[in-house]
Structures are given as structure tokens and as C-alpha cells.
Amino acid sequence: MAYDPRESFFPIGMWGIPASGVTYDIDYSWSILHDAGFNTVWPHHKVDFARALADADKNDLAVIWQYELTDDQLNSINSGKRLLGNVWFDEPIGHLEKPREMDRMFGDYNDYRQRAHKIAPWLNIFVNDAPWITPPATDWWIKWNTSGEVSCHDNYTVMHKAHI
């Protein structure tokens, strides 16, 4: 539980990054992120998985991949060197008003984790959730955020209605 500079890793990353080298009005080369001190990218969901890993390798960056990976994609990775984690779903708590859908999603998530861990047992699989931890969301929030190897949530400002 202590920091070890040889072994410890604290992700300093950027979310929603286009493929390296894509230019709009800005050059999105991942080398710029590396040079700025970032060590992790969370690519935009339209970036090709193989390209993301190759770009990360070229720029000494780790990748957090959002959404389910296919068996072929899981088989293409051989260690956690570049793929730091896999976010299965973004903000499942948003489906709270559909209890049967939440149950189904949670079952699908656990099925995916079991299948993925057979191929890549070292892979951190988790969800990114909203910070809605007050009732009626509390039980589901805890269930989702204790089910993976990592707990991750968007740090939105949350105000209790009594304070509005």
C-alpha cells in the first residue's frame, strides 16, 4: 500500500481522444500528450482498437478502452502493458428507472467479465458511473462500483434537492 516508483502507476490521462495524428483545427498527435506529461489515453469510441494500442505503444502511453471488447480483440493483447483497463459501460446508473434493464445489464456485465478474464485474466474491467449515490440510487451505485477491479465515476457536482 505504499508508492513504489518502479512499480506504482497513477494514470494521468485524457478522455475522448481522437486517433493519433487526426487533425481538425488542432493536432491530436498522442506524442503531444506524452510530451505534456500524460501517461494514459481514453480514446474516443470511434478510434480503431488495434490503432489505439499501436499509437499508445509508439508514444509510451497506457490505454483505457471504453466498451466491450470482442474475443479477437482480447486475444490480440498479451499483457497489461498498454491496455490499462476496459470500461464495459458508461454510467449504468442512468438506467435506474428501468429495474429489469439494470438487472439484465448487470448480468451481461458479469458474463462479459468472466469471458474476458478467461482470455485476459489481468485485465481491469469496470464501469464508469455517475456520482449519484443518494437514494434511490445508493444500492445500485454500490453494486456497480464494487463489482470491478476499479471504481470509476464522473465527478459531476451533485446537489441535494433540500439545498436547491
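The values are calculated or read from the model by the stated rules, or taken from the named source; none is laboratory data. Everything numeric in this text was worked out from a predicted model, so none of it was measured. Every residue, glycine as well, gets a Cβ built from its backbone with ideal geometry; the counts of neighbours run over all protein chains shown. Each accessible area value is taken on the protein alone, full model and side chains, heavy atoms only, with ligands, DNA and RNA left out. Shrake-Rupley method; radii C 1.70, N 1.55, O 1.52, S 1.80 Å.
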Tell me, yes or no, whether the range 58-65 has at least one residue that is free of Cβ contacts under 8 Å to residues at least 12 places away in the same chain and open to solvent by less than 50 Å² (accessible area, probe 1.4 Å). no
Residue in the range 59-81 that is over 22 Å from PRO18 (Cα atoms), hydrophobic (A, V, I, L, M, F, W, C) and assigned to a helix (DSSP H, G or I) present: no
Quick test of your reading of the structure: GLN73 fulfils all but one of (1) touching a helix residue (DSSP H, G or I) at 6+ places or on another chain (Cβ under 7 Å); (2) under 30 Å from THR138 (Cβ atoms); (3) of a type outside the set (D, E, K, R). Name the failing condition by number. (2)
Restricting to the range 82-127, count the residues that are farther than 18 Å from ALA56 by Cα and not in a helix (DSSP H, G or I). 13
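Rundown of residues vs (1) over 22 Å from ASP72 (Cβ atoms); (2) within 14 Å of the chain's Cα centre (by Cα), yes/no style:
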| position | (1), (2) |
| --- | --- |
| PRO92 | yes, yes |
| PHE106 | yes, no |
| GLN114 | no, no |
| HIS117 | no, no |
| ALA120 | no, no |
| VAL127 | yes, yes |
| PRO136 | yes, no |
| THR146 | yes, no |
| HIS153 | yes, yes |
When you go through ARG100, ARG6, ARG51, ARG82 one by one, which is the residue that is in contact with a helix residue (DSSP H, G or I) (Cβ under 6 Å, 6 or more places away or on another chain) and open to solvent by 20 Å² or more (accessible area, probe 1.4 Å)? ARG82
Just the residues that are touching a Leu at 6+ places or on another chain (Cβ under 9 Å) and either crowded, with 20+ Cβ neighbours inside 10 Å or aliphatic (A, V, I, L, M) (or both), please, taken from the range 24-39. TRP30, LEU33
Quick check: anything in the range 85-97 farther than 22 Å from GLY16 by Cβ, charged (D, E, K, R), modelled with pLDDT of 90 or more and open to solvent by 60 Å² or more (accessible area, probe 1.4 Å)? no
With respect to the numbered conditions (1) open to solvent by less than 20 Å² (accessible area, probe 1.4 Å); (2) not in a helix (DSSP H, G or I), which one is the sole condition not fulfilled by TRP144? (2)
Pick from the range 41-58 the residues that are part of a helix (DSSP H, G or I) and among the basic types (Lys, Arg): which of them is farthest from ALA19 (Cα to Cα)? LYS58
Is it the case that the range 103-110 has a residue that's among the polar types (S, T, N, Q), at pLDDT 90 or above and loosely packed, with under 15 Cβ neighbours inside 10 Å? yes
